[in-house]
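Report on the structure given below.
The values are calculated or read from the model by the stated rules, or taken from the named source; none is laboratory data. Since the structure is predicted, the reported quantities are computational estimates derived from the model, not experimental observations. Counting neighbours? That spans all protein chains shown, and the Cβs are built from the backbone with ideal geometry, glycine included. Calculation scope for accessible area: heavy atoms of the full protein, side chains included, ligands and nucleic acids excluded. Shrake-Rupley method; radii C 1.70, N 1.55, O 1.52, S 1.80 Å.
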Amino acid sequence: MSAEAWIDGRIVEPVPGETILAAARRLGIDVPTLCHVEGLPPPAGCRICLVEVEGEARPRAACHSALASGMRVRTDSPSLAALRRDLLALHVEGEALRGDFGGTRFGALLARHGVGAPPLAGDDGALASHPYLRFEAARCITCRRCLATCADLQGSFVYGIGGRGFRTALLIGPEDRFETSPCTACGACVDACPTGALFDVDRESGAPADATTETVCGYCGVGCRIEVTTRGRGVARIRGVPGSAVNRGHLCAKGRFAHGWQSSQDRLRTPLLRTGPLSDPRWREISWVEATARIAEALASLRERHGAGALGALSSSRSTNEAAYLLQKLFRAVLGTNHVDCCARVCHASTAMALQLVTGTGAASTCYADIEAARRIVVAGANPTEAHPVVGARILQQARRGARLAVIDPRRIDLCDVASLHLPVRPGANVAAFHAIARLLFESGRVDAAYLAERCEGEAELREFLTRLSLDDCAREAGVPVASLREVADLLAEGPTLFVWGLGLSELVQGVGSVMALANLAMLTGSVGRIGAGLMPLRGQNNVQGNADMGSMPAALTGYQPLDDASARARVEREWGVAPPETPGWTIPEMFEAARARELRALWIMGEDVAQSDPDETRVLEALESLDFLVVQELFLTETARRAHVVLPAAGYLEQEGTFTNAERRIQHVRPALAAPGDARPDWVAVRDVARALGADWRYASPSDVMDEIARVAPALFGGVSYARLEGDGLQWPCPSAEHPGTARVHERGFLRGKGLLVAVPPLRSSEHDVPGHPYLLVTGRVLHQYNVGTMTRRTRQQHLAPADWLEIHPEDARREGIAAGSHVVVSSRWGETRVAARITPRTPPGILFLSFHQPETHANRVTGPARDPRSNCPQYKATAVRLRTSS
């Protein structure tokens, strides 16, 4: 038989597993479809895609029929056209369906086949109970595209079908209402709906759009590519870019709908100068010329009087790589201090340090495509479906496809519903749990001996260390039975595994140790550097990876080059005209301590509301209020900005050009879709102009000029990166030359440090464990419909979906404390207290509490304390000893 096939007389070579529909589309042949959704399993229900196969009496559905060698297919003929016309006519028969379907996929099919539909009569009857989503039953043809998309892309199972024949109808959740359904508001169903029966508030807004711009989402570190359609001076619609490597057209509610912040009336539009004391602040609008001069004068004067060590900067993980690079360069090259840090310090600094030590680079070894290739996945200390929804949906779907999933987290997160097992480790006891699992792997002889011998070191030392640990003691410390630890070991023993983790590992006093112990498990199972396996830390903010990459850390230059590296210093000096100081600077917690001690006199904060987001809020405010000079670049007058002497209005991610780097090391081009309001400017421009005012000869005309310099300063990681090469899905570092394609997986041919390092980390009891009079452990974190301290999301309709922070408490604890659902509770630690409403739920185990920190009135970080990892200086947000009392 021929190795070829023919579609409409054109030769095509069959690909194993490829359908006739896919092959036809590969040839550019348009086979009409209705129920089929690209990339999802074919439902084969509508039969619009029927084709004729030579030698067969009956037509086939192209969407689920495989193309075989020798097959001759015809996609269009008079009989097929008649059949499709009859099938479409069935959809419009009866009085239930009516409407103008112009501009829809269904309308195009009707027009193509000469089928009319009854016009819409009177009120459209749209169901409008949701902040974003609408449903108009009169347009619904129950094609099931929304069911397939919701189930097989998002995994939420919102929709169902009820009735029979012409009474068949779409159902929304158990009560046929969006608000009581499991809908996450991702909006994928709207994109899938062919008739416009499902639509969103963007369609309601009416007026035609002006332009569409491809850029990158500015919320979490997933890094979804988006298409922003604008109308006048505002956003008309945001959609995912179809076929993008990161999100494949999918978005979460924040990325798709939460753009109202951009046109909020309280956006900062001009520089502000505080003229009154903090007790009675008054603000005067000033020009950029005056603002730039005042900042330069204050920094120069304080340096002259107190030395360069009295100055510090915190760069933004919400802004661009180029802005972060220039701010650290300003303080190192122009002002002469290494006191530069970023919010990676308070999230994944422990991860970066641990991975740098044991693998040779402080970032993910994998790419998101490894999720679909994974046969085993461990999610530890992370809640991806809420904090990283698009990646979370991919993990969920891979588990539904058969991958074995283990969730290691104190709370019962949504992924537990599809997991093979859940290990509810006590907050702060990860090292004990991971070491116990490693010991069980050694004892059963199920480590990858060949991989360890070839690619790792430290095996003998780790094995000997683990034999001295008591499994019972480790299990007791972790708060789980040995049998449960054995179940995890059994899963890992099956082969290479994808390890996904978040801040539940890094934001602890033993954060570095937690990540090292998890990396031990990855190396013992031969997981690093292999397809469908490896190390995948999920990054919180949109550019937290890039911010750290750019040198926004006190002990490393751009590209994680050590300050004392002679070749790096020489290269930097050639570019900057001056060598940076050799002594490492202060971290964020150290800067705040120095400010309270009056050793740090000036601080520049770019896009961080530390007054709300950093731990031990009372002492953070003391630090800010002790400064002689504070400059803040921001979108809004935040609690941090209210304490500034000069506030600079910033452009948001929809309003400036630059690059973001996501959690898989992917550098992507960010393009402005709109002009910033008033006189707000991109962060990099503001930094450049202050440097010029201080006498620096900075000639950057565009952010691409800055990226070119970054490539020269750190060629090992970024030497091949330029704006010209960032079209489409961008580049993943390391990308050392212009010919290099970028690196999807690191350590494939061996660890960057030479050999992977197995580390024996003594498990330490947290200072927050078993504190007298404080019987509960509080964990803080995010929820799906808000983001960080809510600066942007609280100015959108997300506030309708998550209007308040809640203290999650187990029913047993609620009964013991006499706490009723919805009642207010005072949560007290040794550092402070706050008052918040209670939500009684079995998601948190007895003795563990969970509190989000999105609303400013919650003051969650009044409760979190000063404890931090001694190596990374990452604070301990994930385990704070607290007590409860009811509040009227």
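Here are the numbers:
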{"read-out": "Strands (runs of 3 or more DSSP E) contained entirely in region 799-873, each with at least 2 residues that are out of contact with any Leu (no Cβ under 9 Å at 6 or more places or on another chain)", "value": "833-840"}
{"read-out": "Total residues in region 739-757, condition open to solvent by 80 Å² or more (accessible area, probe 1.4 Å) and without any contact (Cβ under 8 Å) to a residue 40 or more places away in the chain", "value": "2"}
{"read-out": "Hey, residue 301 hydroxyl-bearing (Ser, Thr, Tyr), assigned to a helix (DSSP H, G or I) and within 30 Å of residue 590 (Cα to Cα) or not", "value": "yes"}
{"read-out": "Residue in region 54-61 that is farther than 29 Å from residue 142 by Cβ, out of contact with any Lys or Arg (no Cβ under 9 Å at 6 or more places or on another chain) and not in a loop (DSSP other than H, G, I, E, B) present", "value": "no"}
{"read-out": "Flag if residue 358 is under 16 Å from the mean Cα position of the chain (by Cα), within 27 Å of residue 759 (Cα to Cα) and open to solvent by less than 10 Å² (accessible area, probe 1.4 Å)", "value": "no"}
{"read-out": "Residues located in region 220-252, provided they are outside any strand (DSSP E or B) and surrounded by fewer than 24 Cβ atoms within 10 Å (Cβ to Cβ)", "value": "232, 233, 241, 242, 243, 244, 245, 248, 249"}
{"read-out": "Residues satisfying the stated conditions in region 758-782, i.e. crowded, with 21+ Cβ neighbours inside 10 Å and either of a type in the set (D, E, K, R) or under 30 Å from residue 710 (Cβ atoms) (or both)", "value": "768"}
{"read-out": "Residue within region 339-349 that is buried (at least 24 other Cβ atoms within 10 Å of the Cβ), modelled with pLDDT of 95 or more and among the aliphatic types (A, V, I, L, M) present", "value": "yes"}
{"read-out": "Residue within region 403-420 that is open to solvent by 20 Å² or more (accessible area, probe 1.4 Å), without any contact (Cβ under 8 Å) to a residue 60 or more places away in the chain, farther than 16 Å from residue 537 by Cα and assigned to a helix (DSSP H, G or I) present", "value": "yes"}
{"read-out": "Any chance residue 705 is assigned to a loop (DSSP other than H, G, I, E, B) and open to solvent by 20 Å² or more (accessible area, probe 1.4 Å)", "value": "no"}
{"read-out": "Top-ranked residue of region 27-36 - restricted to ones that are out of contact with any strand residue (DSSP E or B) (no Cβ under 7 Å at 6 or more places or on another chain) and not hydroxyl-bearing (Ser, Thr, Tyr), ranked as most open to solvent (accessible area, probe 1.4 Å)", "value": "30"}
{"read-out": "Sole residue being part of a helix (DSSP H, G or I), over 30 Å from residue 17 (Cα atoms) and at pLDDT below 85, chosen from 120, 110, 90", "value": "90"}
{"read-out": "Residue list for region 551-566, restricted to those being without any contact (Cβ under 8 Å) to a residue 60 or more places away in the chain, touching a strand residue (DSSP E or B) at 6+ places or on another chain (Cβ under 7 Å) and either closer than 9 Å to residue 328 by Cα or among the small types (Gly, Ala, Ser) (or both)", "value": "556"}
{"read-out": "Residue ID - farthest from residue 418 (Cα to Cα), chosen from residues in region 155-174 that are of a type outside the set (A, V, I, L, M) and at pLDDT 85 or above", "value": "162"}
{"read-out": "All positions within region 304-337 that are open to solvent by 10 Å² or more (accessible area, probe 1.4 Å), closer than 24 Å to residue 711 by Cβ and outside any helix (DSSP H, G or I)", "value": "318"}
{"read-out": "Residue within region 560-578 that is touching a helix residue (DSSP H, G or I) at 6+ places or on another chain (Cβ under 8 Å) and acidic (Asp, Glu) present", "value": "yes"}
{"read-out": "Search result, residues across region 769-805 that are acidic (Asp, Glu) and over 29 Å from the mean Cα position of the chain (by Cα)", "value": "770"}
